Protein chains: 2
Amino acid sequence: MAVNLKQLAELLSLSQTTVSRALNGYPEVNAETRARVLEAVRETGYRPNRAAQRLATGKAFSIGLVMPIASGIDSDIHFGEFLAGLAEEAVEHDFHFVLNPSAPEDEEATFRRLAASGNVDAVFIAYMRANDPRIEMLKALSIPFVVHGRSIGGPRDYPYLDVDNTGAFYDAARLLMQLGHQRIALINGPEHLTFAIRRKKGLMRALAEKGFNLDEALVHHSAMTDEHGYRSMQRFLKRPNPPTAVLCSSTVTALGAVRAINQAGLVIGTDISLIAHDDVLPMLKPENFSVPLTTTRSSLRAAGARIAKRLIGGILDQGDYPEQELWRAELIVRASTGPAPDRQRNSGKTV
Amino acid sequence: MAVNLKQLAELLSLSQTTVSRALNGYPEVNAETRARVLEAVRETGYRPNRAAQRLATGKAFSIGLVMPIASGIDSDIHFGEFLAGLAEEAVEHDFHFVLNPSAPEDEEATFRRLAASGNVDAVFIAYMRANDPRIEMLKALSIPFVVHGRSIGGPRDYPYLDVDNTGAFYDAARLLMQLGHQRIALINGPEHLTFAIRRKKGLMRALAEKGFNLDEALVHHSAMTDEHGYRSMQRFLKRPNPPTAVLCSSTVTALGAVRAINQAGLVIGTDISLIAHDDVLPMLKPENFSVPLTTTRSSLRAAGARIAKRLIGGILDQGDYPEQELWRAELIVRASTGPAPDRQRNSGKTV
DNA sequence: AAATCCTCCCAAAGCGCTTTGAGTAATCTT
DNA sequence: AAGATTACTCAAAGCGCTTTGGGAGGATTT
């Protein structure tokens, strides 16, 4: 059924060498010949045998994934979505994964083993922490890698793809402040993860610009679940001087927050404004909330696909990708943001 | 650095053939010689080159995973936990994964491509539905597979690993009924998935044995999130004749249910009993609930590891595993179950 | 003592690709 | 017109393993 290179060469009355070169884009082959080869490939459905390629090139055509299994980092919905993006792109290029569940304390050994095994050409890491030791580790092992996120502190010259979390939450906060909000709460992700640190920073920056300080009591850090969103919001609302607006690190936490707000009898977009970061989770669209959510949007799945693309491009020496990418999140205004209640009354008077 | 077979053979003054046979457990090699080989392997740290093995044997040493990305099936915490088990075992045997995200409508094409690619020796599937078409599909493609769960209807002779969900919830319900409960609610998983169907059946069976009927109003189906657990429980409690006990399909939904119960001012284990199915999620231990939960326990991670073991064993023609396994869940009684309120009053009188 | 059978080991072929090192014909220099 | 380039193409060597088809030597049979 399946043809191999030898048969294909025979069919074309060419040598294997030439066919191989034609396929792999080497320059020393006639354009016309290359076209003939490509045509034959199409007709026969020829697919190079990966095992043979592996053996001949020494490349593994697979990428390593070290899955943190710490109790803090749940392999949650966000991770699954990201993984889907990675896998989508990988499957396209016929790349495999080596999944390595690893407790944080075994991480170094896991990386070492992975690098030594020759089973992967590159690895991917995420869930960056401040001064994350993994970057140095991977550099020392001199195995190509791309990280999703960025460390804070430590080396600066390493390949990453990150969302401009500071910018996203700065933009969001600024919008809220333009609407007159001053007491802005933050339902953030786990405290030690850099994306959460940066989001908080974005909020602080926006506040500082207008001469305000962040009230630490209005910042909660936790895993990004509905439940935590609910509890955090509830606690905010119980305060003597509750916030008039809230930023959520995920539409998942927003779900809980919205519930708490509704339960308190408040109207979103009027009594309280809410902006969530939208990872573009297929089952949780901000436009489907009872009050459509204003969001900072950046697709996790797209990030996964992009990282896979870079990883694979690097392994295949093809395509030229920037080493460091910072994606800007889009601020999309929907109905969950409105003028701050005080100001609303004011403007009512002046009109 | 890394030795290969040739060097190892030279070192031992043996032929590659003999060394290879010694390593792969062929009988025609002297026990003493084999011991020498094994010793040399230990000393040199020899690891066979997987690419070469692939090429020589035609095996891929990797297993395919078709990840459903339907909006109903979130790649949730349960899936991550299962995957960790799979991966743990796979990494042990140096097996790779081919992750295939696929929408349900593309499933067949995905399987077909996967089977034709020769990139995997076997595939794994889960989230069984009633009359699940995938079993026939995989049989037709004659690619080895193991399913997590069981279909209902359709062929019966296929390899699976399942938890006795009917039995688990039967046992749980029976315990409740022995405690005097008669109105038992069920917070179940998605309605179309077979594990949910079976759990409901287990409850019905226990009720029927004592001449009771299941009140359909006391059964809710949904994705197993905290939020859904909360809402379901809340709705149950609002009913004119609320249940005295509830079964939860996951400790995740139990989390929400417990919250709703507390909020209603009821005491778990006294006013209302609760039994949850415990998948042994590391971050959600039933014994850590404010009132430790009575559970039916069966580790998802262990199931993942077991399936990987069977898949790999089958590929390597080693080890003899049963084709069909039905794991019995343990019923572990903790503090969340107690006598039904009515009966409690009665016994109060009689004592 | 010859014939047969094990037991243990080996040389060599082959898996399907990439890559090295040449080689041929056509084109360009001088 | 001879030598130097250029543009294509090829044969063959490997990559590191498994597996086929023997084959030597000792033990067992007849």
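The values are calculated or read from the model by the stated rules, or taken from the named source; none is laboratory data. Computed from a prediction, not measured in an experiment: that's the story for all the values here. Cβ: placed from backbone, ideal geometry, glycine included. Neighbour counts: every protein chain shown. Quick note on the areas: whole protein, heavy atoms, side chains included, nothing else; ligands and nucleic acids left out. Shrake-Rupley method; radii C 1.70, N 1.55, O 1.52, S 1.80 Å.
Things worth noting here:
- Boolean, A:Val147 is without any contact (Cβ under 8 Å) to a residue 40 or more places away in the chain and crowded, with 22+ Cβ neighbours inside 10 Å: yes
- Residue match in the stretch B:162-170 (condition: farther than 21 Å from B:Tyr127 by Cβ and part of a helix (DSSP H, G or I)): yes
- When the criteria are applied in full, A:Arg174 fails the requirement of being part of a loop (DSSP other than H, G, I, E, B) and surrounded by fewer than 20 Cβ atoms within 10 Å (Cβ to Cβ).
- Inspection of the stretch B:227-250 finds a residue satisfying the criterion of being under 10 Å from B:Ile187 (Cβ atoms), away from every other protein chain (no Cβ under 13 Å), small (Gly, Ala, Ser) and in contact (Cβ under 8 Å) with a residue 60 or more places away in the chain.
- Strands (runs of 3 or more DSSP E) within the stretch B:215-291 that include 3 or more residues surrounded by fewer than 24 Cβ atoms within 10 Å (Cβ to Cβ): B:219-221
- The helices (runs of 4 or more DSSP H) falling completely within the stretch A:1-84 that include 3 or more residues that are β-branched (Val, Ile, Thr) and either within 8 Å of DNA strand D (Cβ to nearest atom) or at the interface with chain B (Cβ under 10 Å from one of its Cβ atoms) (or both) map to A:16-23.
- Taking the stretch B:16-33 as the range and being over 23 Å from A:Ser117 (Cβ atoms) and open to solvent by 50 Å² or more (accessible area, probe 1.4 Å) as the test, the residues that pass are B:Thr17, B:Arg21, B:Tyr26, B:Pro27, B:Glu28, B:Asn30, B:Ala31, B:Glu32.
- If you go through the stretch A:88-131 and pick out every residue that is in contact (Cβ under 8 Å) with a residue 60 or more places away in the chain and open to solvent by less than 20 Å² (accessible area, probe 1.4 Å), you end up with 7.
- Consider the stretch A:85-116 and keep the residues that are within 11 Å of another protein chain (Cβ to nearest Cβ) and either basic (Lys, Arg) or part of a loop (DSSP other than H, G, I, E, B) (or both). The one that is farthest from A:Gly313 (Cα to Cα) is A:Ala103.
- All of (1) within 14 Å of chain A (Cβ to nearest Cβ); (2) surrounded by fewer than 18 Cβ atoms within 10 Å (Cβ to Cβ) hold for B:Arg205 with one exception: (1).
- Any chance B:Met233 is within 27 Å of A:Tyr230 (Cβ to Cβ) and not assigned by TED's automatic domain parsing to the domain that holds B:Ile125: yes
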